[in-house]
Amino acid sequence: MSAGILDLIRTEKLAPGTRLAEVALAVRLQVSRTPVRAALKLLASRRLVRQGARRGYFVAAVPAAPKTPGKPAPADADRLFLAIARDRRGGRLPVDVSERDLMQRYGATRPVVQRVLTKLAEVAAVQRKPGHGWRFQPIIADAAARHESYRYRILIEPAGLLEPGFRLDPTWAAEMRHRHQEMMALRWSETASIALYEMNAAYHEGLAAASGNRFLLVAVQQQNRLRRFANYDWTFGHERVLVNCREHLAILDRLEAGEREAAAALLRRHLEAAAKLKRTTERAAAAATI
């Protein structure tokens, strides 16, 4: 508890002389006032905080940060990222969490948890709550909803390639080719699934943006947000990664050749195949639990 108070003083950059209110600390650290009071008394005995002449405690000086081996390793953050995605998708993680909750649940350090939460916020998977804590955004959490999501995407995404205002950005297309080629050459690992999903999301959003239809783009972006946690954990192996990338590149080939109807047909088949693969995997998983 005393370490949590010192960490709060450092992260909030509380100036010497700032009053450390027991109630406020208890709320921030999500504990009762009793352990906070005991921790403040301990810190005062070590002269890390100052006890007031009458009552209460105050910041004595900004405590030095403990020595650490350096910034959290990307692999540590990626593993925590996947663990959070799995538990959220499986309903094992509540909608509202705090950094302390995640540190205790996963045995992770604060820097690693903060790095992961920042990354999740960047992709709109979590949102900081006013005052304290974080809230996960809605997700597609059941098989029926995932099937409906694919049906919806099959209806709208191929149609976007046939919109009268469709314009393919050559710079974006070249970047997508490069990213897909890098993904195909990448030595596959469990944590590579995060980069794979984000690349796939960028690809489908880019096609929607090229349609020139702003409503279609918003729809695809919303689907990507809802599907994010369900798709971070790639379970189909590296061979399916190669198939996925080749199908994406084949669609780009047709678009760059001006063959939009052929590209739309390929995109439809791509989404239908992905939906079928997902259903087959879910049925197999359900049968294994019986």
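The values are calculated or read from the model by the stated rules, or taken from the named source; none is laboratory data. This is a predicted model, so every value here is computed, not measured. No Cβ is skipped: glycine too gets one built from the backbone with ideal geometry, and neighbour counts run over all protein chains shown. Keep in mind that these areas ignore ligands, DNA and RNA; they rest on the heavy atoms of the full protein, side chains included. Shrake-Rupley method; radii C 1.70, N 1.55, O 1.52, S 1.80 Å.
Numbers at a glance
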{"quantity": "Which numbered condition Gly212 misses (of (1) of a type outside the set (Lys, Arg); (2) open to solvent by less than 30 Å² (accessible area, probe 1.4 Å); (3) out of contact with any Pro (no Cβ under 6 Å at 6 or more places or on another chain))", "calculated": "(2)"}
{"quantity": "Of all residues making up segment 145-186, the number that are under 11 Å from Leu207 (Cα atoms), open to solvent by less than 50 Å² (accessible area, probe 1.4 Å) and of a type outside the set (A, V, I, L, M, F, W, C)", "calculated": "3"}
{"quantity": "Of all residues in segment 187-196 being hydroxyl-bearing (Ser, Thr, Tyr) and in contact (Cβ under 8 Å) with a residue 40 or more places away in the chain, the one that is least open to solvent (accessible area, probe 1.4 Å)", "calculated": "Ser193"}
{"quantity": "Residue identified as over 23 Å from the mean Cα position of the chain (by Cα) and either part of a helix (DSSP H, G or I) or among the acidic types (Asp, Glu) (or both) among Ala195, Ala145, Ala174, Ala202", "calculated": "Ala174"}
{"quantity": "Neighbours by Cβ (under 9 Å, 6+ apart or cross-chain): first from segment 118-132, over 18 Å from Val220 (Cα atoms); second open to solvent by 70 Å² or more (accessible area, probe 1.4 Å) and hydrophobic (A, V, I, L, M, F, W, C)", "calculated": "Gly131/Val27; His132/Val27"}
{"quantity": "Test result for Arg283, in a helix (DSSP H, G or I), in contact (Cβ under 8 Å) with a residue 40 or more places away in the chain and either exposed (fewer than 15 other Cβ atoms within 10 Å of the Cβ) or touching a Ser or Thr at 6+ places or on another chain (Cβ under 8 Å) (or both)", "calculated": "no"}
{"quantity": "Criterion (free of Cβ contacts under 8 Å to residues at least 40 places away in the same chain, more than 15 Å from the chain's Cα centre (by Cα) and surrounded by 14 or more Cβ atoms within 10 Å (Cβ to Cβ)) met by exactly one of Arg110, Arg105, Arg92", "calculated": "Arg105"}
{"quantity": "Answer residue from segment 26-40, given it is under 20 Å from Val113 (Cα atoms) and crowded, with 17+ Cβ neighbours inside 10 Å and is modelled with the lowest pLDDT among those", "calculated": "Leu29"}
{"quantity": "Residue check, Leu14 assigned to a loop (DSSP other than H, G, I, E, B), modelled with pLDDT of 80 or more and under 32 Å from the mean Cα position of the chain (by Cα)", "calculated": "no"}
{"quantity": "Among the residues listed as Leu82, Leu93, the single one being of a type outside the set (S, T, N, Q) and at pLDDT below 85", "calculated": "Leu82"}
{"quantity": "Residue selected from segment 225-240 under the condition in contact with a Phe, Trp or Tyr (Cβ under 9 Å, 6 or more places away or on another chain) and in a helix (DSSP H, G or I), by the criterion farthest from Ile140 (Cα to Cα)", "calculated": "His238"}
{"quantity": "Residue within segment 117-138 that is in a helix (DSSP H, G or I), within 30 Å of Ala264 (Cβ to Cβ) and open to solvent by 30 Å² or more (accessible area, probe 1.4 Å) present", "calculated": "no"}
{"quantity": "Top-ranked residue of segment 215-245 - restricted to ones that are free of Cβ contacts under 8 Å to residues at least 40 places away in the same chain and under 26 Å from Pro170 (Cα atoms), ranked as most open to solvent (accessible area, probe 1.4 Å)", "calculated": "Phe215"}
{"quantity": "Boolean, Arg115 is on the phi < 0 side of the Ramachandran plot and in contact (Cβ under 8 Å) with a residue 60 or more places away in the chain", "calculated": "no"}
